[in-house]
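First comes the structure, then the notes that go with it.
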Amino acid sequence: MKAIERTDRIVYLDVLRGFALCGILFVNMPSFLGDRSTSEMGRWDQMIRLLFDLLIQTKFYTLFSVLFGAGFILFIDRLRVKNKSLWIFARRLVILLLFGLIHLLFWKGDILQTYALSGFFLLLFVKARPKTKLFFGIALQLYTFFLYLSIYLYARSVGDASIVEPDGKLQELVASRHLLDYIAYHATTELPIALANTLTIFPEILSLFLIGAYLMERFTVRPPTTRTLKIILAVSLILSIPMLYQIVIIHQGPVPDGLANYFFVWLSGRTLAVTYAVGIALLIRSGRSFSGFQALGRMALTNYLSHTLIFIALIFLTGAYETIPLWQGTLAVILILSGQIVFSRNYLNRHRQGPVEAVWRAGTYGSKTSDHV
């Protein structure tokens, strides 16, 4: 393939990763501030919660997971070109796991340890053909679909209930500003729960990794035409409409945040993630640069971890947990992302990668490399 095509593809991945990072922060923000049942929210917050479920929730971890699989192929290809051991990828996952475990001491929603543990299974597919990766990716997606479908049917048969679980202990620790006790609580209570949850969701995450790996190999050989992308965009958008309609209907009922709602939120995440990915690809082909998203994407790990630090500082400075309105959190997200775009651009003018990415790279290869441009 031509060099310019490969460069364009990597730029696209950075842009899509930055775009997904923005969505991830919107998704994580309610958890940072303390989850509350939708029925307890004010009118404006309920409207925001509906928009989150329609357009954001489950859509962006789907994109991130597919991107991780695509990145796996790029990383393995580079190791092969440089004649380096493929087990360097395993070392890279170990370091990511350590980042995730440390992150879990501050916030229960970390995804890094899930990616790291699920990523080890990718090594089983290093020599697999693209079609084999796609087969197992689709099979695991179908397994996940029927799992969520059975949960949905169970909720419909016995009666649905809110899946939001307020944590009075965390509220107490934040109100009293006991940061060390807050960390200890996460270490002893939240961290084991998070690791147990990883065992439950890793088939889904691995499936998305494999699909991302397949797409990278497939499009390296034959990139999709603009016409094909437009058809995929239209189909994915049309398929999303019935699920989005169901979410709107459920939000008008007595249990807007139960298992029934989550099933359609999850299902719409499959189709809308495709819509977003293809839409951005078409916009880039039309000449849009999205340099802000690209900068965010190149420093995705640094920016992702800094989200937690910023919100931990916010809740401990205010002493407020499970009480800050969702609309205020949404404004905070917009301000944070705007600031991170400016910071990422300026930082990357002087460095090749973000600070956490530089540590990750040094640990992966076991040597120090220049980080300056």
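Summary of values
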{"item": "Single residue of region 329-360 satisfying the filter (of a type in the set (Gly, Ala, Ser) and buried (at least 16 other Cβ atoms within 10 Å of the Cβ)) that is farthest from residue 291 (Cα to Cα)", "result": "329"}
{"item": "Within region 282-314, tally of residues that are of a type in the set (Val, Ile, Thr), within 16 Å of residue 104 (Cβ to Cβ) and over 15 Å from the mean Cα position of the chain (by Cα)", "result": "1"}
{"item": "Any pair with Cβ under 9 angstrom, 6 or more apart, that starts in region 278-297 at a residue that is under 14 Å from residue 18 (Cα atoms) and in contact (Cβ under 8 Å) with a residue 12 or more places away in the chain and ends at one that is aliphatic (A, V, I, L, M) and surrounded by fewer than 15 Cβ atoms within 10 Å (Cβ to Cβ)", "result": "290/283; 292/342; 295/342"}
{"item": "Selection within region 270-288 - surrounded by fewer than 20 Cβ atoms within 10 Å (Cβ to Cβ) and not β-branched (Val, Ile, Thr)", "result": "270, 279, 282, 283, 285, 286, 287, 288"}
{"item": "Filter result for the condition that a residue is surrounded by 21 or more Cβ atoms within 10 Å (Cβ to Cβ), part of a helix (DSSP H, G or I) and over 22 Å from the mean Cα position of the chain (by Cα), over 250, 238", "result": "250"}
{"item": "Elements of type helices (runs of 4 or more DSSP H) in region 290-373, at least 1 residues being over 30 Å from residue 82 (Cβ atoms)", "result": "291-298, 300-318, 326-350"}
{"item": "Filter result (farther than 21 Å from residue 69 by Cα, touching a Gly at 6+ places or on another chain (Cβ under 9 Å) and among the acidic types (Asp, Glu)) within region 13-35", "result": "none"}
{"item": "Identity of the residue in region 133-168, out of contact with any Gly (no Cβ under 7 Å at 6 or more places or on another chain) and of a type in the set (Ser, Thr, Tyr), that ends up surrounded by the most Cβ atoms within 10 Å (Cβ to Cβ)", "result": "152"}
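Throughout, read-outs are computed from the coordinates displayed, never taken from laboratory work. These figures come from a predicted structure and were not determined experimentally. No Cβ is skipped: glycine too gets one built from the backbone with ideal geometry, and neighbour counts run over all protein chains shown.
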